[in-house]
1. For segment 185-214, how many residues are more than 20 Å from Ala243 (Cβ to Cβ) and at pLDDT 90 or above?
2. Residues in segment 102-111: is at least one in contact with a Cys (Cβ under 9 Å, 6 or more places away or on another chain) and among the β-branched types (Val, Ile, Thr)?
3. Exactly one condition in (1) modelled with pLDDT of 90 or more; (2) open to solvent by less than 30 Å² (accessible area, probe 1.4 Å); (3) within 12 Å of Leu318 (Cα to Cα) is not met by Arg301; state its number.
4. Filter segment 265-278 for residues that are closer than 19 Å to Val316 by Cβ and of a type outside the set (Val, Ile, Thr) and give the result.
5. Answer with yes or no whether Lys466 is basic (Lys, Arg), assigned to a strand (DSSP E or B), at pLDDT 90 or above and under 22 Å from Asp373 (Cα atoms).
6. I need the full set of residues from segment 172-184 which are touching a strand residue (DSSP E or B) at 6+ places or on another chain (Cβ under 9 Å), open to solvent by 20 Å² or more (accessible area, probe 1.4 Å) and at pLDDT below 75, in order please.
7. Can you tell me which of Trp129, Trp118, Trp156 is modelled with pLDDT of 85 or more and not in a helix (DSSP H, G or I)?
Amino acid sequence: MPPLSVLAALDFPCHSRACARPTHRAGATIFHLSASREQLGVVCIPTAAAATEISSASRTCSSLASPLQCRRRLPGDGMAKDRISALPDGVREHLLSFLPAHEGVRTSVLARSWRDLWTRSPALHITCWGTAAKFSEFVSRLLQHRLPRPASTASWAPLDSCQFDFDADEEEELDAALLDMALVDGWIRSALRCNVQDLVIDFYHGYCTGDRLELEPGALASEHLTKIHLFGVYVCDDIDFSACPALLDLGIDTSDLVPKEIRSQSLQRLSITNCCFGAVKRTRIRAPNLLSFNLKDCLNRAPLLQRMPSLISATVQLDQCHASDQCYTGNIRGCGTCDGCVDYYGPHNDHRTCLLLNGLAEARNLELLAHPDLFIYRRDIKCCPTFWNLKTLVLTDWFVAEDFSGLIWFLQNSPILEKLTLQISEVQTDSVRTEGKFKHLEPSVVSDRLKTVEIKCREVDAMVIKILNVLAASGIPLEKINIQSSPIRSGCEFLFTQ
């Protein structure tokens, strides 16, 4: 079996250039790297651009009959100076971290001092290439070389970050869906054994669940992990990060999430975007130490949020596609019999469960975005506590329903609110239904710290006039209200002053 560096040099397609001429870019010190069958003079800087030049040189060397040809004499200039090899190892290892893993391995043919340098690069970016068999063999042996060897005298460097980039690409020869999933699971576990801190798994192959990478329970257990980003995965079992005590950041994008619970005591930042939750049962999120929370454009049942006492900022965006949490009959309050209403409050159906707002009640900065037909927020405010810490608030179309009940509730229950932003898109006037009016607030109830109210709309129409009436009746002076109108053809801004 040939060594890994030889596999890298022989199996990858070569796109070498005759010469990489000197490049000059503003704001950076750029050196000269040239490579051909007859010469190779190298000088480099620790940037991604420099890493690209190294990759080009390594492809050139791998296409030569012998790596020694990389040291040919230059006519009239003696031996070409390999000044890049004179750089400290840490700098060269940093350069290699900008390259895809197979490009980094290929640099081992540049010179003797480069032979094992790739094994100490602080980052691995593994992308698909070649056939499934060749790629699988390469990745398995690559990670085997990175594993710690207690009995070995050779120096070992842990991984700072590892990215498995298996996203489908029309230009790639290999479709990652053809890979053995058990093998992929083994690669992830091997990366964790390298003490990786930042782990990215990108396995997006369209919206079909069958093309997702199914994560097994305990697959992401490591005391060294601080950041995880999952893209295109399928999770059906509970996600318990108790085995990741250092985990601070978790991002989940375009994935299928049907666990009963996601829990972590250490997590500080959580982002869930374009994901599909269960259509019947809700996923409970327990992360009491969160500082930042984002939930955007997800399908099916919204998750049930537990209390987050340290929360600073949160954004929750629910659109019309969140069909499982809206009444199919069009009833704003829900009919109680359609699939969207049945078991809305969970298996006990106690009609007192606060799904989202109870978990967000201690946020300082909050954005609640939704279409008027979605009744989650309006139902939550019936049993939600006061937002004692809230300073900035952004509301979209949903707050106009039921005679602006959502707007009035937040004015009444946000005692230190400083800035309020109301965004109106295409809400029809008949969306404001009078099925139970809220009394206008006394001026003393509205936060005395409120400095400004921004209304963003396409045009100043009847809906905006109604909002102004509600704000005025609640004791908010007109000089604090700023209306920004942005019609399709032109934009203008109205500032109401007394």
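The values are calculated or read from the model by the stated rules, or taken from the named source; none is laboratory data. Please read all numbers here as calculations on a predicted model, not as lab measurements. Cβ: placed from backbone, ideal geometry, glycine included. Neighbour counts: every protein chain shown. Surface accessibility is based on the protein's heavy atoms, side chains included, excluding ligands, DNA and RNA. Shrake-Rupley method; radii C 1.70, N 1.55, O 1.52, S 1.80 Å.
1. 1
2. Checking segment 102-111: at least one residue is in contact with a Cys (Cβ under 9 Å, 6 or more places away or on another chain) and among the β-branched types (Val, Ile, Thr).
3. (1)
4. Leu267, Gln268, Arg269, Leu270, Ser271, Asn274, Cys275, Cys276, Phe277, Gly278
5. Against the criterion (basic (Lys, Arg), assigned to a strand (DSSP E or B), at pLDDT 90 or above and under 22 Å from Asp373 (Cα atoms)), Lys466 does not qualify.
6. Of everything in segment 172-184, just one residue is touching a strand residue (DSSP E or B) at 6+ places or on another chain (Cβ under 9 Å), open to solvent by 20 Å² or more (accessible area, probe 1.4 Å) and at pLDDT below 75, namely Glu172.
7. Values: Trp118 fails: not in a helix (DSSP H, G or I); Trp156 fails: modelled with pLDDT of 85 or more.
Every option except Trp129 fails the conditions.
The rows are residues; the columns are (1) modelled with pLDDT of 95 or more; (2) in contact with a helix residue (DSSP H, G or I) (Cβ under 6 Å, 6 or more places away or on another chain); (3) of a type outside the set (A, V, I, L, M, F, W, C); (4) over 19 Å from Val196 (Cα atoms).
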| residue | (1), (2), (3), (4) |
| --- | --- |
| Asp240 | no, no, yes, no |
| Leu257 | no, no, no, yes |
| Ile272 | yes, no, no, yes |
| Val280 | no, no, no, yes |
| Phe293 | yes, no, no, yes |
